[in-house]
Amino acid sequence: MKPLLSTHSLEARYGDFQALFGIDVEVGEGDAVALIGANGAGKSTLMKSLCGQMAVQGPSVLLEGQAIGGLPPHEIVRRGIAMVPEGRKLFRSLSVEENLRIGAFAARKGPWTLGRVFGLFPILKEKRALPGTSLSGGQQQMVAIGRALMSNPRLLLCDEISLGLSPAVIQDIYGALPSIRAEGLSVVIVEQDIDTAVRSAQHVYCLMHGRVSLHGASHAVSKQQISAAYFGLEEPEDVTTGMGAKQGAAA
Amino acid sequence: MSEWIATLIQGCLLGGLYALFAIGLSITYGVMRVVNIAHGDFIVLSAYLAMVPVAMLGVHPFVLVLPVALLMFGVGYGLQRLLLNRTIGPDILPPLLVTFGLSILIQNGLLEIFSADSQALQVGALSTASLDLGAGITIGAFPLLVFLVSLLLTLAISLLFNKTPVGVALRATSDDPATAGLMGIRAKHVYALAMGLSFALVAIGGVLSGARTTFTPASGPASLLYAFEAVVIGGMGSLWGTFAGAVILGVAQAVGAELNAGLGVLSGHLVFLAVLIFKPTGLFARTK
């Protein structure tokens, strides 16, 4: 299958600091890909490189074979990549409905309309006239996802959509993924919770220090392999060492 | 008693003119967080732009309101796109310095071309026509017209911001230009539209004010100051607040002038200072 999106030796830097070193990632049509990795591994930088918020070399990001690396975000969204940014980033002076409508600014044709988004997240219809930022965290996340869907993307990037939400709300949000993907939409999710990531995606990429340390079909990668790729352990089969390192990293 | 009522009404009408100046400033500040120091000089420039065809062709100044507004929209759009967008960034000083430079250029350019003589746009009988409200109160027909134009334009701009896709894009860009980019909005284009809109209002204000009072190449800074005071009194980011701020400023000036002919402008400044001291966010700011 020809990939919808692929990166080729993608590098990204913040001034003198290089954040990504030769990343090769593929997202197939209709695929769901999870990006995992420790804090500072480069997950968000990779997402920013895909949506145009990070200046990268043109040919290092291809959308259906076309170089889109380094294009400005307003151009990339017109080509069909929509971003649910980390921290939701709702427009504070816009109502819920206006936040959703502004998502359709790029005017791409497709199945997603205000009605469809309200169908997916009925609570938003009730609260449509309220300021977007007055909602609870989970509802704000629904607005952010709905806003991205309104551009009728072919690829949806979700950066840390469970951040700061309660487990029940996270389940609600991830529960919407299947209906979002029903029309063949491809999804890339960045997720801290490895179980959620593996469960909701077909492919997993693990990043470490700006490089891909593991990738594969999510049913084929083991917990040990992930722990090793996550923390850079030499002995992936030693689970107890893995737990020790996890506590060390959290400290 | 009726004298004071007349004074209050005149102050309100004067405030209507200031609102025309201030709404434009409020838009550019609200969307870009940038104060255009040359704002007042573009008001004066608009008056001169109308004066040339009035002098050469003898047309009525009102005929020129729309053409000058359209021209100035283009000037504002181009200026933002080609020059001012390059100055916007985390540092607030570059746009201030560049527009300060523009202010000097415009003032001296106008002085060179039109001399320092004070000018006025003649609107014929309308300039002296008045309405008798009874009880000894009369109000000028032209100031009333300016006030109504200002009120309608504020309403129109307010609807534009709240009800149209362009307005929502303007507000979104004002909130967060980077995230607006993810929606497909080009911040640089939106900024230029905001400046164009501001300049169109400036043009209408300039032509009407040129017909209401006299102007010289050096009149700009005073207009900028009144506009700025109105925006601060009303509170940043609220169009109707700005309109109310302009009316408060106009009333303060009229009341001061009624007390003593020399106190008009000063009492406006005092109200402005009082607001800065007691409610620095402005009287009608949308607090978050």
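Fully extending the segment from B:L148 to B:S130 would add 5.0 nm, taking 0.36 nm per residue of separation and subtracting the current Cα-Cα distance.
If only the Cβ of Lys and Arg carry +1 and only the Cβ of Asp and Glu carry -1, the dipole of region B:2-278 around its Cα centre is close to 760 debye.
The H on the amide N of A:V84, modeled in the peptide plane, is under 5 Å from the matching H of A:L157, A:C158, A:D159, each at least 5 residues off or on a different chain. Non-local amide H neighbours of A:S213 (under 5 Å, H modeled in plane, Pro and chain starts lacking H): which ones? Amide H neighbours of A:S213: A:C206, A:L207, A:M208. Compared with the dominant Cα axis of chain B, that is its longest principal axis, helix B:93-114 is turned about 40°. Distance between the pseudo-spin-label points of B:Q122 and B:W240 (7 Å out from Cα toward the beta carbon): 4.2 nm.
Placing unit charges on each Cβ (+1 for Lys and Arg, -1 for Asp and Glu) gives region A:9-163 a dipole about its Cα centre, and among A:L114, A:A144, A:L156 the Cα reaching farthest toward its positive end belongs to A:L114. Summarising the overall dimensions of region B:79-215 from its C-alpha atoms, the Rg and Dmax are 19.9, 61 angstrom.
When only the Cβ of Lys, Arg, Asp and Glu is charged (+1, +1, -1, -1), the dipole of region B:139-279 relative to its Cα centre reaches about 280 debye.
Compactness ratio for the protein assembly as shown: Cα radius of gyration over 2.2 N^0.38 Å (N = residue count) comes to 1.21. Amide H contacts for A:E64 (H built 1.01 Å from N in the peptide plane; partners 5 or more residues away or on another chain; cut-off under 5 Å): A:L5, A:S6.
Taking GluC sites (Glu not before Pro) in DSSP loop states with no more than 14 other Cβ atoms inside 10 Å as exposed sites, chain A has its longest site-free stretch at A:65-182. The sum of -39500 (n - 2.57) across all DSSP H runs of n ≥ 4, divided by the residue count of chain B, sets its helix-only mean residue ellipticity at 222 nm to -24500 deg cm²/dmol. Once the C-beta distance of A:Q66 and B:L97 is scaled by a Förster radius of 30 Å, the resulting FRET efficiency is 0.10 to the nearest 0.05. Each of A:D16, B:D41, A:D24 was scored by other Cβ atoms within 10 Å of its Cβ. Arranged with the fewest first, they read A:D16, A:D24, B:D41. Counting only DSSP H runs of at least 4 residues, each contributing -39500 (n - 2.57), and dividing by the residue count of chain A, the helix-based mean residue ellipticity at 222 nm comes to -9500 deg cm²/dmol. Rounded to the nearest 0.05, the FRET efficiency derived from the C-beta distance between B:W4 and A:R78 at R0 = 56 Å is 0.40.
Ranking of A:R101, A:R199, A:R78, B:R171 by neighbouring Cβ atoms within 10 Å, starting from the fewest: A:R199, A:R78, A:R101, B:R171.
The separation of region A:90-123 from region A:1-62, counted between C-alpha centres, amounts to 27 Å. With Rh defined as the Kirkwood radius, the inverse of the mean 1/r over Cα pairs, the Rg/Rh of region B:2-278 is 0.97. If R0 equals 45 Å, the separation of the Cβ atoms of A:E183 and B:L71 corresponds to a calculated FRET efficiency of about 0.40.
Placing unit charges on each Cβ (+1 for Lys and Arg, -1 for Asp and Glu) gives region B:2-278 a dipole about its Cα centre, and among B:G220, B:I204, B:V54 the Cα reaching farthest toward its positive end belongs to B:I204. Excluding same-chain neighbours fewer than eight residues apart, the lysines reachable from B:K279 by a Cα-Cα span under 22 Å are B:K288.
Charge dipole of the protein assembly as shown (Cα centre as origin; +1 on each Lys and Arg Cβ, -1 on each Asp and Glu Cβ, all else neutral): 820 debye, rounded to the nearest 20.
Candidate cross-link partners of A:K109 among the lysines, defined by an alpha-carbon separation under 30 Å and a same-chain spacing of 8 or more, comprise A:K2, A:K43, A:K48, A:K89, A:K125, A:K127, B:K163, B:K188. Report, in degrees rounded to the nearest 10, the 0 to 90 angle that the Cα long axis of helix A:239-250 makes with the longest principal axis of chain A. Around 60 degrees separate the two axes. Label-to-label distance for B:H189 and B:L266 is 5.3 nm, based on points extended 7 Å past Cα in the beta-carbon direction.
No value in this document is a laboratory result; all are computed from the given coordinates. This one's a predicted model, so the numbers in the text were calculated from it and none came from an experiment. We place every Cβ from the backbone using ideal geometry, glycine too, and count neighbours over all the protein chains shown.
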